[in-house]
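All remarks here apply to the structure that follows.
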Amino acid sequence: GAVVSQHPSRVICKSGTSVKIECRSLDFQATTMFWYRQFPKQSLMLMATSNEGSKATYEQGVEKDKFLINHASLTLSTLTVTSAHPEDSSFYICSARSGSGRGNEQFFGPGTRLTVL
Amino acid sequence: KQEVTQIPAALSVPEGENLVLNCSFTDSAIYNLQWFRQDPGKGLTSLLLIQSSQREQTSGRLNASLDKSSGRSTLYIAASQPGDSATYLCAVKDYGQNFVFGPGTRLSVLP
């Protein structure tokens, strides 16, 4: 299957700083990328969906000014957690899909562990 | 709103046993259902994908069934091995193309 990478795999930052997480589709063009958040022992919760060149669509309860998503190219999306606080500590997973059809498979990245001190 | 549940939440079995993981969803209007494996601190590995028109899919020792009308899917693992230890996630995709994930079943296979 197709490969999706994330960088960094793990990041520790101080409260109040901003952190950027990159998500890349390595061998296909991702028309749509998804960002999920996973708290310990809980399942993945969709945060936002982004289409290349368009503004991201955020799920209810997700602050768009806090979680900035940029999908500037067909192989790269970034999630920036602004003014991070300890409650933002979580596992962030991105996913990418080529094309817009429902039948296009979604591929998941390995995740980024964010710890805010 | 679609809700996905998984039973049991955790399972511990000796090596060699056959086991069944259960997934239930509240809205039968799904596009497909997918089972994933997640190792601790890692991303997701897709195991099996069942389209809404299909009843089951098989891959090696894994078999997944889908009963859309009753809102249920099962993942059957034959002859379990310690390497099967992981969290297994069930996810349904709706016609809006969004995944809804279940909370997962944490499986431990003891040598």
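The values are calculated or read from the model by the stated rules, or taken from the named source; none is laboratory data. Keep in mind it's a predicted model, so treat the numbers as computed, not measured. We place every Cβ from the backbone using ideal geometry, glycine too, and count neighbours over all the protein chains shown. Just the protein is used for accessible areas: all its heavy atoms, side chains included, with ligands, DNA and RNA removed. Shrake-Rupley method; radii C 1.70, N 1.55, O 1.52, S 1.80 Å.
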### Query
Across segment B:26-69, what is the total count of residues that are touching a residue at least 24 places away in the same chain (Cβ under 8 Å) and polar (S, T, N, Q)?
6
### Message
Scan segment A:17-33 and tell me whether some residue there is closer than 26 Å to B:GLU3 by Cβ, of a type outside the set (Ser, Thr, Tyr) and touching a residue at least 40 places away in the same chain (Cβ under 8 Å).
### Response
yes
### Summary
Heads up, the strands (runs of 3 or more DSSP E) in segment B:1-64 (entirely inside) with at least 3 residues that are closer than 22 Å to A:CYS94 by Cα are B:30-38, B:44-51
### Task
Check B:SER85, B:SER80 and return the single one that is small (Gly, Ala, Ser) and open to solvent by 20 Å² or more (accessible area, probe 1.4 Å).
B:SER85
### Message
Can you tell me which of (1) closer than 21 Å to B:LEU44 by Cβ; (2) without any contact (Cβ under 8 Å) to a residue 40 or more places away in the chain is the one A:GLU63 doesn't meet?
### Response
(1)
### Message
Out of the residues in segment A:106-117 meeting the condition of being surrounded by 16 or more Cβ atoms within 10 Å (Cβ to Cβ) and in contact with a helix residue (DSSP H, G or I) (Cβ under 9 Å, 6 or more places away or on another chain), tell me which one is nearest to the other protein chains (Cβ to nearest Cβ).
### Response
A:LEU114
### Any chance A:LYS41 is of a type in the set (D, E, K, R) and in contact (Cβ under 8 Å) with a residue 40 or more places away in the chain
no
### Message
Against the definition (surrounded by 12 or more Cβ atoms within 10 Å (Cβ to Cβ) and out of contact with any strand residue (DSSP E or B) (no Cβ under 7 Å at 6 or more places or on another chain)), how does B:LYS42 come out, yes or no?
### Response
yes
### Task
Could you list all residues from segment B:65-77 that are in a strand (DSSP E or B) and either open to solvent by less than 60 Å² (accessible area, probe 1.4 Å) or among the charged types (D, E, K, R) (or both)?
B:SER65, B:LEU66, B:ASP67, B:ARG72, B:SER73, B:THR74, B:LEU75, B:ILE77
